[in-house]
Amino acid sequence: MDDRPIGVFDSGFGGLTVARALIDLLPAERFVYVGDTGRYPWGSKPLEDVRGYAIEISEWLLAQHDVKMIVVACNTASAAALDDLRALTDRPVIGVIDAGVRSLLRASGSRNIGVIGTVGTVSSGAYQHAVAALDPDIRLTCAACPGFVEFVERGELVSDQVRVLAQRLLAPIVDAKVDALLLGCTHYPFLARTIREVVGEQCTLISSADETAFQVRRILESTENARRGAPEPPQFLSSGNRHEFERLGAMLLGPEIGHVGAWEGK
Ligand code: DGL
């Protein structure tokens, strides 16, 4: 039994999709979530910058909250920094890419699959490598979707503008006729209604959130580090506008958002 919290972070609201799955699957755990809305978006920045942000936040979670595990609830940061973060600590550091790829391969019958993500994630090659390592013969189509994250961060989840952008950016995915599409950015599940409309019902949409939460539970159980005891409200911190995080976060995640604290870095 380990009473310490689990640290979770993202550039902003996207990691709330993972936080939702973690809270639901592991209600006895304590969570500290950092949303770096003051510096979002990460997906259009050089991977070197994202690596720096991820290291800064992880060091802070370890030093200030003595977290027992870090969940990198961001594909771009997982692609840019997972190995560096693992070098910081001997505590488990979990990214979202491997979990997403496992779910994606399980969901596909035709072995013709797609991944969408930020420019940083897609150009890093992280998904291309992860898929090829598990199944070198599978047909993978990747598409970067610049602009999607900005719509989510504004709380604009369904609109004509989102649909027009989605039709343009998802054209390679539609043309490739994939039967399973991984939403390889934790912000994208919030746009699932529009994405589904554009790619069609024959294509299964996969989010890495649930599989990541199951992986966290497996690790806690196998190391006997799960927390027992009465649930405690998760703690949310933002480096940007805290009131906006409370308002939009409550809409996206639910009532657990509560009061949002300021994250001021190291
Ligand atoms: N939610 C993040 C991801 O999964 C980052 C999005 C961004 O800030 O551009 O990649």
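The values are calculated or read from the model by the stated rules, or taken from the named source; none is laboratory data. Source: prediction; values computed, not measured. Please note: Cβ atoms are built from the backbone with ideal geometry, for glycine as well, and neighbour counts cover all protein chains shown.
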Which residue pairs have Cβ atoms closer than 7 Å, lie 6 or more positions apart in sequence or on different chains, and pair a first residue in segment 108-133 that is among the basic types (K, R) with a second residue that is surrounded by fewer than 24 Cβ atoms within 10 Å (Cβ to Cβ)? R111/I138; R111/R139
Has segment 40-52 got at least one residue that is among the small types (G, A, S), at negative phi, touching a residue at least 24 places away in the same chain (Cβ under 8 Å) and out of contact with any Leu (no Cβ under 6 Å at 6 or more places or on another chain)? yes
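Condition first: in contact with a strand residue (DSSP E or B) (Cβ under 7 Å, 6 or more places away or on another chain) and more than 16 Å from G240 (Cβ to Cβ). Now tell me which residues in segment 1-22 satisfy that.
Our first condition is that a residue be in contact with a strand residue (DSSP E or B) (Cβ under 7 Å, 6 or more places away or on another chain); within segment 1-22, this holds for 5-10, 12-13, 15, 17-19, 22.
Scanning segment 1-22 gives P5, I6, G7, V8, T17, V18, A19, L22.
Can you confirm whether V32 is within 13 Å of the ligand (Cβ to nearest atom), at pLDDT 95 or above and either among the charged types (D, E, K, R) or not in a loop (DSSP other than H, G, I, E, B) (or both)?
Working: within 13 Å of the ligand (Cβ to nearest atom): no; at pLDDT 95 or above: yes; either among the charged types (D, E, K, R) or not in a loop (DSSP other than H, G, I, E, B) (or both): yes.
No: the conditions fail for V32.
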Starting from segment 1-23, take each residue that is within 15 Å of I70 (Cα to Cα) and list its partners that are of a type in the set (D, E) and part of a loop (DSSP other than H, G, I, E, B), counting only C-beta distances under 6 angstrom and pairs at least six apart or across chains. R4/D66; I6/E29; S11/D36
